[in-house]
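The values are calculated or read from the model by the stated rules, or taken from the named source; none is laboratory data. Values in this document were obtained by computation on a predicted structure and should not be read as measured data. Cβ sites come from the backbone with ideal geometry, for glycine too, and all protein chains shown count toward neighbours. Side chains are part of the model used for accessible areas, which takes the heavy atoms of the whole protein and leaves out ligands, DNA and RNA. Shrake-Rupley method; radii C 1.70, N 1.55, O 1.52, S 1.80 Å.
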Amino acid sequence: YIVAFNGYFTAKARSDFISSALRDVDAVNWRIVRRDNPASDYPSDFEVVEIRQDARNSLLTLQDHPYIKRVTPQRMVLRSLKLTDCRY
């Protein structure tokens, strides 16, 4: 899931917000998906979270946190181009 915050926060702050929200529902089977890119060193307004148990209660609790704007499912789109060699 993509957890969007209502401001730009450090990775530690984002992790703390998510942890404190999920602690209220005793969610233990979740993790923040690590992003390997140069921009991950800077404050961000979103985090990608993998939740493997009772996602409904966890999502509702996350959405109630004062620093979290919204929680949406992550979708992956794969596209490819098909190239044909047309000679007239």
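In deg cm²/dmol, rounded to 500, what helix-only [θ] at 222 nm does the chain give when every DSSP H run of at least 4 residues adds -39500 (n - 2.57) and the total is split over its residues?
Calculated from helices alone, the mean residue ellipticity at 222 nm is -7500 deg cm²/dmol.
Kindly sort Tyr42, Tyr67, Tyr1 by accessible area of their heavy atoms, largest first, with the probe set to 1.4 Å.
Tyr42, Tyr67, Tyr1
What are the radius of gyration and Dmax of the chain, computed over its Cα atoms and given in Å?
17.4, 67
Using 0.36 nm per residue, how much length does the chain from Asp64 to Arg79 gain when fully extended, once their Cα-Cα distance is taken away?
Result: 1.9 nm gained on full extension.
Take the solvent-accessible surface of the protein heavy atoms, probe 1.4 Å, and return the percent of it on the range 4-88 that carbon and sulfur atoms account for.
Carbon and sulfur atoms account for 50 percent of the accessible area of the range 4-88.
Taking +1 at the Cβ of each Lys and Arg and -1 at the Cβ of each Asp and Glu, which of Asn37, Val49, Ser80 sits farthest along the dipole of the chain towards its positive end, judged by Cα position relative to the Cα centre?
Ser80
Between Val77, Val49, Val28, where does the largest GNM mean-square fluctuation fall for the chain, given springs only between Cα atoms within less than 10 Å?
Checking each option, the largest mean-square fluctuation is seen for Val77.
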